[in-house]
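Colleague: One structure is given below, represented as structure tokens, and several questions about it will come after.
Read-outs: derived from the displayed coordinates by stated rules, not from any lab. Treat the numbers as computed from the prediction; the structure is a model and nothing was measured. Every residue, glycine among them, receives a Cβ derived from its backbone with ideal geometry; neighbour counts consider all protein chains shown.
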Amino acid sequence: MKRPHRKYEIRCPIHGFIEINDWERAIIDEPAFQRLRRIRQLAWTDHIYPGAMHTRFEHSLGVMHTASMLYDAIVKNSLEVLRSELSYNEDGLRRDRQLVRLAALLHDVGHGPFSHAAEELLPHRDERAEKYKHEQYSAAIVRWKLAAVIEGHDLNANYGFLAEDVAALLEGSSKAKQGLFWRDLVDGQMDADRMDYLLRDSYHAGVQYGRFDLHRVINTVCAIRPAGEENGGAPRLGVLEGGVHGAEGLVLARYFMFTQVYFHKTRVAFDVHLRHALKEILPGGVFPKPTATELDCYLAWDDWRVLGLIAQGEGGEHGRRLGRRDHFRNIYHTPEVTERADLSKLEEIKKAIGPLLAAEESATKSWYKTDKADIPVFGQAGKLAPLSSFSSVLANLKMNNQVLLYAKPEDAGAARKKVDEVLKKS
Amino acid sequence: MTIQVDARTPLIAYLAEHTPAKWIGRTALMKYCYFLQTLRMVPLGYNFSLYSYGPFDSAVLSDLGEAEALGMITETPLPTGYGYKIKNALSDEDMQELAGRFLKEHKADVDWVIEEFGGGATSDLELDSTIIYVDREEREAGRKLSMEDLTHRVREVKPRFPESTIRKHVEALSDKELLLAIES
């Protein structure tokens with residue numbers, strides 16, 4: 001007997017129980033989603049923080065759960081804005097809540113092996129300078145691999161969704177219509193993705209840096225319509241003034257996680273090796289494109305397959321280094337906030353090191369890089385201001401643009417000596 | 001010693017210096033970069049996607065952060081409301097050193113964007129960039145559409161703009177031959 005209205009609960013170390021409906025369970029059971037169990041959230045970070053073995057699978061469930069809490073809070077705090085600016089009625093809000101849940105659940109289904117570490121090997125789009133992003137793979141998988149389960153489930157009789165509706169929200173297409181407003185919940189500065197990964201990565205890595213007051217942020221999140229000459233006036237996400245310190249905590253959590261975990265010097269070295277090993281392993285050095293003809297080939301790539309190939313010696317010198325933990329050594333780093341004078345010194349050091357320089361990695365190129373994003377705050381008497389106007393800490397927080405230099409372990413001693421010579425001279 | 005920076009960061013300083021407005025804000029910066037890449041095919045390497053406030057890529061804000069850290073621009077919040085003033089902090093000599101090679105190749109494109117879109121209201125930039133985004137989506141899909149259809153599609157994304165306003169912008173962009181999917 002079919003039981004389309006049955007609910008299920010999944011235990012989560014971050015959120016307690018995550019409730020899913022029968023439709024979402026059917027999507028989760030699909031091979032394209034189950035593949036996320038074989039893609040680690042933080043690549044080789046467990047070689048620095050041994051607990052960081054978690055996968056995109058549990059993160060995706062957490063993002064759906066967090067997005068739902070955010071959605072409900074925005075509707076509660078900003079019903080008038082949603083009605084007047086985006087013409088929502090109750091049916092529209094009920095419909096888009098489910099749409100946001102599906103988009104949040106599926107936002108990472110397009111990740112390649114070892115998550116962001118592999119993203120640099122996504123191919124270029126035809127005749128364009130920009131490369132594909134994993135979000136475009138997620139949208140393609142929704143369109144071509146999950147359409148039947150999204151469109152065909154009995155519960156969809158209540159919504160009439162096409163797979164295209166979910167894909168449009170994920171990739172930012174005009175076909176998402178006024179529902180694009182909710183895209184900030186899936187991919188924005190106050191998104192459920194960020195809120196979940198900070199808490200989850202922190203938990204599994206065994207650090208406290210990513211913790212913030214999730215429920216305070218959720219309680220105060222709202223839809224606002226910024227006015228004034230600098231703004232186009234489109235509604236966007238913000239927080240009520242009572243949430244200033246919650247939001248401040250979110251921004252600082254990201255900052256600390258970047259310096260302590262995501263841009264940890266040894267973690268970055270493992271990303272370098274993985275990237276090079278994958279280049280050796282992949283036909284043509286890049287992943288297949290997110291097209292109907294190449295998508296199956298892409299989906300066949302996961303951590304297990306890459307690890308197997310590295311174990312067989314297919315990853316070249318870098319694969320060998322990964323297997324033996326014989327990673328490049330950090331020999332010099334610029335300050336976390338690097339100024340032009342620091343870059344000038346960096347050039348001198350690079351010149352002195354010469355061929356001993358094995359890799360150069362910049363925080364600004366990292367997938368976890370921080371940016372100048374700022375959260376609008378809806379203050380007293382309807383006054384709008386950026387979060388940094390309420391927080392002297394954030395007002396003075398500059399972006400981390402640190403540069404790390406590496407040498408092979410066997411060259412590290414000689415390279416460090418050359419670095420010291422330059423530093424002593426200056 | 002000459003330092004190496006991505007041309008995208010001094011470009012922000014150049015845009016801030018040459019905008020006809022009193023200053024450049026984040027929305028205008030985002031849309032200028034979108035126009036440069038989409039209308040003039042300047043290979044900036046951004047990956048724009050559509051939000052309710054128009055085409056956006058957080059990498060532009062990262063570049064803004066780096067430009068500030070490297071002392072190329074200053075950014076201060078507006079005294080009232082939600083927004084920022086971005087101002088150039090580079091001397092002409094430094095601008096030439098950091099962006100000279102990029103500007104030699106693309107100065108005409110950058111100046112064209114400033115000439116065409118500088119000085120307009122931010123809401124106009126948001127609307128124009130959204131119209132162009134929808135037009136390019138259709139073009140990429142190999143479809144043609146009428147001005148009425150394009151107006152309707154944009155209004156579905158931005159219901160707060162009156163249809164007549166959107167139509168006026170579609171016509172203006174079409175007259176300048178900046179739309180590629182409109183039926184002739």
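Colleague: Report the trypsin sites (Lys or Arg not before Pro) located in segment A:317-426 that are in a DSSP loop and have at most 16 other Cβ atoms inside 10 Å of their Cβ, or state none.
Modeller: Qualifying residues, ordered by number: A:R325, A:K383, A:K398.
Colleague: Looking at the square roots a ≥ b ≥ c of the eigenvalues of the Cα gyration tensor of segment B:55-184, which shape do they give, rounded for a/c under 1.5, prolate if a/b is larger than b/c, or oblate?
Modeller: Because a/c hits 1.5 or more and a/b exceeds b/c, segment B:55-184 counts as prolate.
Colleague: Each residue of segment B:85-99 in turn: what ³J(HN,Hα) in whole Hz from Karplus with 6.51, -1.76, 1.60 and θ = phi - 60°, glycine and Pro shown as x?
Modeller: Karplus values, whole Hz, x for Gly and Pro: 9, 10, 10, 5, 10, 9, 6, 4, 5, 5, 4, 5, 5, 8, 10.
Colleague: For chain A, set up a Gaussian network in which alpha carbons nearer than 10 Å are linked by springs, and say which option among A:N158, A:N400, A:N77 fluctuates the most.
Modeller: A:N158
Colleague: Got a sec to turn the phi values of segment A:212-224 into Karplus ³J(HN,Hα) couplings, 6.51 cos²θ - 1.76 cosθ + 1.60 with θ = phi - 60°, whole Hz, x for Gly and Pro?
Modeller: Residue by residue, segment A:212-224 yields 8, 7, 3, 6, 5, 4, 4, 4, 10, 6, 8, 9, 10 Hz.
Colleague: Here's another thing I want to ask about it. Near the amide H of A:Y49, under 5 Å away, which other amide H atoms are found, from residues 5 or more places off or on another chain, if H is placed in the peptide plane?
Modeller: none
Colleague: Provide, in order from the shortest bin, the percent of all Cα-Cα pairs of the protein assembly as shown in each 20 Å bin, continuing until the bin that contains the maximum pair distance.
Modeller: Once binned at 20 Å, the Cα pair distances of the protein assembly as shown give 19, 55, 25, 1, 0.
Colleague: Now a separate question. If Lys and Arg each add +1 and Asp and Glu each add -1, what is the summed charge of the other residues whose beta carbon sits under 14 Å from the beta carbon of B:A181?
Modeller: -3
Colleague: Now for a separate question. Of A:G313, A:G51, A:G233, which is the most mobile in a GNM of chain A whose springs link Cα atoms less than 10 angstrom apart?
Modeller: Highest fluctuation among the options: A:G233.
Colleague: For A:L384, which sequence-distant residues (separation of 5 or more, or a different chain) have an amide H within less than 5 Å of its own amide H, given hydrogens modelled in the peptide plane?
Modeller: Those lying under 5 Å, H to H, from A:L384 are A:G379, B:G81.
Colleague: Which whole number gives the average count of other chain Cβ atoms within 10 Å of the Cβ atoms across peptide B:75-86?
Modeller: Mean number of neighbouring Cβ atoms from other chains: 6.
Colleague: Let me ask something else about it. Under the rule a/c < 1.5 gives rounded, and otherwise a/b versus b/c splits prolate from oblate, where does segment A:351-414 land using the Cα gyration tensor?
Modeller: prolate
Colleague: Continuing with the same structure: Grab the beta carbon distance between B:R101 and A:K365, set R0 = 22 Å, and tell me the FRET efficiency rounded to 0.05.
Modeller: 0.65
Colleague: Before rounding to the nearest 500, sum -39500 (n - 2.57) across all DSSP H runs of length at least 4 in the protein assembly as shown and divide by the residue total; then give [θ] at 222 nm in deg cm²/dmol.
Modeller: -15500 deg cm²/dmol
Colleague: A:Y88's amide H: which non-local residues (gap 5+, or another chain) put their own amide H closer than 5 Å, with H modeled 1.01 Å from N in plane and none for Pro or chain starts?
Modeller: Amide H neighbours of A:Y88: A:R83.
Colleague: Still on this structure: What Kirkwood hydrodynamic radius, in Å, does segment A:309-354 give when the mean of 1/r is taken over all pairs of distinct Cα atoms and then inverted?
Modeller: Here the Kirkwood hydrodynamic radius works out to 13.1 Å.
Colleague: Please check: in the Gaussian network model of chain A (C-alpha springs, under 10 Å), which one of A:E348, A:E135, A:E361 has the largest mean-square fluctuation.
Modeller: Maximum fluctuation in the GNM of chain A, among the listed residues, is at A:E348.
Colleague: Starting at the first residue of segment A:73-90, write each ³J(HN,Hα) from the Karplus equation 6.51 cos²θ - 1.76 cosθ + 1.60 with θ = phi - 60°, in whole Hz, x for Gly and Pro.
Modeller: Rounded to whole hertz, the list is 5, 5, 4, 5, 7, 9, 4, 5, 5, 5, 5, 7, 8, 10, 6, 6, 10, 4.
Colleague: Let me ask something else. What shape does segment A:297-419 have by the C-alpha gyration tensor, where a ≥ b ≥ c are the square roots of the eigenvalues, rounded means a/c under 1.5, and otherwise prolate means a/b greater than b/c and oblate the rest?
Modeller: Since a/c reaches 1.5 but b/c is at least a/b, the shape of segment A:297-419 is classed as oblate.
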